[in-house]
1. Could you list, in sequence order, the residues of the stretch 5-49 that are loosely packed, with under 13 Cβ neighbours inside 10 Å, under 20 Å from residue 110 (Cα atoms) and modelled with pLDDT of 95 or more?
2. Which members of the stretch 97-115 meet the condition of being touching a residue at least 40 places away in the same chain (Cβ under 8 Å), surrounded by 11 or more Cβ atoms within 10 Å (Cβ to Cβ) and assigned to a helix (DSSP H, G or I)?
3. Criterion first (under 19 Å from residue 36 (Cα atoms), over 16 Å from the mean Cα position of the chain (by Cα) and either part of a loop (DSSP other than H, G, I, E, B) or in contact (Cβ under 8 Å) with a residue 60 or more places away in the chain (or both)) does residue 67 satisfy it?
4. Before we move on, is residue 94 surrounded by 15 or more Cβ atoms within 10 Å (Cβ to Cβ), touching a strand residue (DSSP E or B) at 6+ places or on another chain (Cβ under 8 Å), more than 17 Å from residue 12 (Cβ to Cβ) and in contact (Cβ under 8 Å) with a residue 60 or more places away in the chain?
């Protein structure tokens, strides 16, 4: 086959450092989501949806053929961190957590994951980020250690 083709969809989740609720301003948060989507597209990983609440983000994207998941996440965090710090003094000390969680998504579940991400504000009226992440990790049968997952 002379051509390389790929359709790998990733649901990425990561938090602000120490889960600090620094993304309370909805306009800034929405601009940040747009920024993350733009960075992802530049990395040839077009996002289907970016969402989240004041202490974390969710990104559903099609992973590019020439970038690793780790490099994609590293670049998303690096560029968006710099952009956010330019948004004013309230963000001068902003940082993302060191880690992340990502999950493969089948073509048949893309709409379900998009709805899940779009409903984050409602979802988090009932459930904390920690409980949400634990549920996602259990659903995807990923083992974790509580000592290391919350930085």
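1. 34, the sole residue that qualifies.
2. 110, 113, 114, listed by residue number.
3. Details: under 19 Å from residue 36 (Cα atoms): yes; over 16 Å from the mean Cα position of the chain (by Cα): yes; either part of a loop (DSSP other than H, G, I, E, B) or in contact (Cβ under 8 Å) with a residue 60 or more places away in the chain (or both): yes.
Criteria met by residue 67.
4. When the stated conditions are applied, residue 94 passes them.
Listed here are the residues, each with its yes/no results for (1) in contact with a helix residue (DSSP H, G or I) (Cβ under 7 Å, 6 or more places away or on another chain); (2) within 19 Å of residue 7 (Cβ to Cβ).
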residue	(1), (2)
57	yes, no
89	no, no
93	no, no
105	yes, yes
113	no, yes
134	no, no
137	no, no
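The values are calculated or read from the model by the stated rules, or taken from the named source; none is laboratory data. Note that the coordinates shown come from a computational prediction; the quantities given were computed from them, not determined experimentally. Cβ coordinates were reconstructed from backbone atoms using ideal geometry, including for glycine residues, and neighbour counts include every protein chain displayed.
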